[in-house]
Amino acid sequence: MTLWFIRGIRRGVVTTRYPARPDASAIDLPTPPAFRPRELTRQVADGVVAVCPSSALRRDGDVLVYDVGACTACGRCAAVAPRAVTSSGEFELAATGRSVLIKRIPIGEEAP
Amino acid sequence: MTTEPVTAEELRETIARQFGRSLHIRTLDTGSCAVCEQEIRLLAAPHYDLHRLGFFFTPAPRHADLLLVTGPMIRAFEVAARKTYDAMPGPRVVVATGACALGGVYPEDPFTNGNAGAVLPVDVWIPGCPPSPLALLHGLGVAVGRLAEKVRDRSFIAPLYPERAVGDS
């Protein structure tokens with residue numbers, strides 16, 4: 001009984017250590033897209049905007065305006081333009097201001 | 001109970017000082033599809049174990065320090081949302097959770113207010129549809145000032161094919 005108890009305490013812990021240490025299940029999460037500006041043209045950007053179901057994307061001249069807060073990480077933009085859109089792998093997205101979540105992606109430029 | 005408005009920075013300092021390891025959360029469903037609620041329920045499950053961090057759920061807004069709002073804030077719920085917020089003692093934090101509450105899914109719908117910020121003074125926004133329990137934990141940490149906000153520095157611009165450069169050896 002005592003041995004079982006010690007073994008259970010040692011090996012039976014399922015709780016994540018998340019804020020202190022990274023969690024292994026984080027790689028399986030659907031994450032919002034990241035964009036490759038060099039692969040984006042106006043046509044590709046318009047195609048990506050057209051398939052977005054949640055008004056997270058719009059094109060403003062030569063800038064793709066991407067609202068991370070409105071994004072549902074559905075992956076339709078990545079399916080339409082797999083060369084220009086990739087998964088960002090970021091899930092720590094909480095922000096203290098709504099405008100912080102609105103990102104501006106330059107179209108047709110070299111990544112910094 | 002104080003009702004005078006304070007800035008989010010002051011609020012976070014007060015929360016960190018007064019509610020260091022005992023912060024009570026009231027969840028408010030303003031017309032969500034219940035997937036956000038499922039993720040919030042998972043926070044109390046053994047894997048995520050919210051209580052080890054000093055967060056607790058409470059059914060009464062009068063006992064709550066943090067209001068976790070989900071859903072697009074439908075018009076029918078506007079009065080109840082205001083009453084819930086007014087019933088909470090200060091200092092209080094409002095966290096909008098999920099793409100609906102951030103105005104992503106129903107921004108123009110006539111039956112909703114579009115987002116939670118239209119009715120309540122939101123302090124922290126947690127994106128995601130639904131936000132995963134890990135994202136919610138990070139958002140709660142940001143809300144009480146224990147974790148740093150990271151999304152401000154992220155550009156969501158991907159480097160051009162980094163995997164090709166790595167795999168060329």
Discussion item. Whole-Hz ³J(HN,Hα) for each residue in the range B:79-96, computed from phi via Karplus 6.51 cos²θ - 1.76 cosθ + 1.60 with θ = phi - 60°, x for glycine and proline: what do you get?
Written reply: 5, 5, 5, 5, 5, 4, 5, 5, 6, 7, x, x, x, 9, 10, 10, 10, 8
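By the gyration tensor of its Cα atoms, with a ≥ b ≥ c the square roots of the eigenvalues, what is the shape of chain A: rounded for a/c under 1.5, prolate for a/b over b/c, or oblate? Can you show the working numbers first?
On the way: a/c = 3.32, a/b = 2.82, b/c = 1.18.
Prolate.
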Worksheet, complete the sentence: In terms of the charge dipole of the range B:47-158, which places +1 on Lys and Arg and -1 on Asp and Glu at the beta carbon, the residue among B:95, B:57, B:119 farthest towards the positive end is B:57
Item to complete: State, to one decimal in nm, how far the label point of residue A:1 lies from the label point of residue B:29, with both points 7 Å from Cα in the Cβ direction.
Response: 4.3 nm
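List the equivalent ellipsoid semi-axes of the range B:58-157 in whole Å, largest first, each obtained as the square root of 5λ for an eigenvalue λ of the Cα gyration tensor. Show your work: numbers first, answer last.
Values: eigenvalues 96, 74, 20 Å².
For the range B:58-157, the ellipsoid semi-axes come out as 22, 19, 10 Å.
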Worksheet item: So what's the protein assembly as shown giving for Cα Rg divided by 2.2 N^0.38 Å, two decimals?
Response: 1.08
Worksheet entry | Amide H contacts of residue A:105 (H built 1.01 Å from N, under 5 Å, at least 5 apart or other chain) | A:64, A:65, A:66
Item to complete: Using only Cα atoms, find the angle between the long axis of helix A:2-11 and the longest principal axis of chain A, and express it within 0 to 90 degrees, rounded to the nearest 10.
Response: 10 degrees
Fill in: Model label zone, residue B:108; criterion: amide N under 16 Å from point 7 Å along Cα-to-beta-carbon; scope the range A:50-69
A:50-59
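Across peptide A:84-90, how many C-beta atoms of other chains are within 10 Å of each residue C-beta, on average? All intermediate terms of the calculation are to be shown ahead of the outcome.
On the way: counts 1, 1, 5, 1, 5, 1, 5.
For peptide A:84-90, the averaged partner shielding equals 3.
What per residue convex hull volume, in Å³, do the alpha-carbon atoms of the range B:108-162 yield?
Per-residue hull volume (Cα only) is 153 Å³.
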Worksheet item: Measuring from label point to label point, each 7 Å out along Cα→Cβ, what is the residue A:79 to residue B:154 span in nm?
Response: 2.3 nm
Discussion item. Under a Cβ-only charge scheme (Lys and Arg +1, Asp and Glu -1), can you give me the dipole magnitude of the range A:32-112 about the Cα centre, in debye to the nearest 20?
Written reply: 140 debye
Practice prompt. Between the alpha-carbon centers of the range A:1-27 and the range A:40-106, tell me the distance in whole angstrom.
Written response: 37 Å
Worksheet, complete the sentence: Among A:72, A:5, A:56, the residue whose Cα sits farthest towards the positive end of the charge dipole of chain A (+1 at Cβ of Lys and Arg, -1 at Cβ of Asp and Glu, taken about the Cα centre) is A:5
Fill in: Theoretical gain in end-to-end length, residue A:27 to residue A:15 [0.36 nm per residue, Cα-Cα removed]
2.6 nm
Fill in: Descending Cα extents along the principal axes, the range A:39-97, whole Å
33, 22, 20
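The numbers here are math on the coordinates, done by the rules we state, and not lab data. No experiment lies behind these values; they were computed from the predicted model shown. Reconstructed Cβ throughout: ideal geometry from the backbone, glycine too, with neighbour counts over all protein chains shown.
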